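Shown next, in structure tokens, is the structure this report addresses.
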Amino acid sequence: MGGRSIAMRCGGQVFLSVIICVFSLGSSAEGFFHKKKAPTSVADDYFKKLGIEKPAKVIRAPDFALDAISGKRLFLKDWQGKVVFLNFWATWCVPCRQEMPMMERLQREMKGQGFEVVAINIRESKRGVQKFIGELGLTFPVLLDKDGKVSEEYGAWAIPLSYFINRKGEFVGKVDGPREWDGREAKAFFLQLLREKN
């Protein structure tokens, strides 16, 4: 399914900008996350306040290789040893646009502490994505999932979708929809992840 046809399905619902832009049915992400909650070293309070879903068990995030806007080929393993905020998005998705500035502020504040926001654009042209990045002044890595295969593997059927990966490369949690990423609770959540040892 192309980005244009996806946009037509979601674009007509712009007035529902506070909800998630849904563009498919089902989710392969069920292989990563289940109803059963596993214990974690991060305080449960942050998970509840931010609506973060925990993985059912310890599992490594699948590696991938995608081209960045810069043209460089990047792998998830390139950020091994860092806490990664992995976000799936598209330019036509209103909630994605709403949360991106907050993600940028979070990136600028925490990047030097071993934190990285990585945004994966789903099936859109490089030119359109570059324009979007320029408009919002984004500096974090933006990767192009041209055929949508990585997004499908990660179950990105509804966007924005975000995964949180610890320094060991393991899933810590996931969130469907936008959040106040530069807010107090979110910062405390990520700082706790950063304090955890490899």
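Just so you know, all these numbers are worked out from the coordinates, no wet-lab data involved. Remember, predicted model here, so these are calculated numbers, not experimental data. Here the Cβ is made from the backbone with ideal geometry for all residues, glycine too, and neighbour counts use every protein chain on show.
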Query raised in the report: In the stretch 98-189, what is the count of Lys pairs whose alpha carbons are under 28 Å apart, counting only pairs at least 8 residues apart or on separate chains?
Result: 19
Query raised in the report: Going by the alpha-carbon gyration tensor, a ≥ b ≥ c the square roots of its eigenvalues, is the stretch 53-155 rounded (a/c under 1.5) or, if a/c is not under 1.5, prolate (a/b greater than b/c) versus oblate?
Result: rounded
Report summary line: Percent antiparallel among DSSP beta bridges confined to the stretch 32-174, nearest 5, equals 60
Query raised in the report: So for SER70, SER125, fewest C-beta neighbours within 10 Å to most, what's the order?
Result: SER70, SER125
Requested in this report: Please state, rounded to one decimal and in Å, the Kirkwood hydrodynamic radius that the stretch 120-194 gives when every pair of distinct Cα atoms enters the mean of 1/r.
Outcome: 14.2
Query raised in the report: Once the piece of chain linking GLN98 and LEU74 is laid out straight, how much longer is it, given 0.36 nm per residue of separation minus the C-alpha distance between them?
Result: 6.1 nm
